[in-house]
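One structure is given here, and the rest of the page talks about it.
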Amino acid sequence: MMGLEVDGERVLLVNVDHRIYAYADICPHQKSRLSEGTLADKILRCGRHHWEFDVCSGSGVNPRNACLKLFPIRVDGEDVLVDIDDVRTTGVGVEGEKER
């Protein structure tokens, strides 16, 4: 798990089982940096207020109605290319419906 900045956008890269995910490095609760949290058993926990997310889907675990913003990525050799212009909402939204 690593936080970085791409063209002014805070990005969190996570490698789980050799698959890389890129999320906005901002907790939806109070905008804390998720990269300052912890990752255990595919659960990302915000270091500030302990909100939890399934890092493979971006869905909220606690609370369930929270979700992360996903950036599409492409791996080119050893480079991870992040498309910060195509941010997507993941998981279950506040209304309980699946979002894109």
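The values are calculated or read from the model by the stated rules, or taken from the named source; none is laboratory data. The structure displayed is predicted, hence computed values, not measured ones. Every residue, glycine as well, gets a Cβ built from its backbone with ideal geometry; the counts of neighbours run over all protein chains shown.
Among the residues of segment 1-48, those that are basic (Lys, Arg), under 12 Å from the mean Cα position of the chain (by Cα) and more than 17 Å from residue 73 (Cα to Cα) comprise 33, 42, 45. The set of residues in segment 86-100 being charged (D, E, K, R) and either modelled with pLDDT of 90 or more or more than 17 Å from the chain's Cα centre (by Cα) (or both) consists of 95, 97. Filtering segment 23-46 for residues that are of a type in the set (S, T, N, Q), surrounded by fewer than 16 Cβ atoms within 10 Å (Cβ to Cβ), modelled with pLDDT of 95 or more and in a strand (DSSP E or B) leaves a non-empty set. Residue pairs whose Cβ atoms lie under 6 Å apart, separated by 6 or more positions or on different chains, with the first residue in segment 16-29 and more than 16 Å from residue 42 (Cβ to Cβ) and the second in a loop (DSSP other than H, G, I, E, B) and modelled with pLDDT of 90 or more, are 25/33; 27/46; 27/51; 28/66; 29/49; 29/51. The set of residues from segment 35-76 being without any contact (Cβ under 8 Å) to a residue 12 or more places away in the chain and closer than 14 Å to residue 19 by Cβ comprises just one member, 74.
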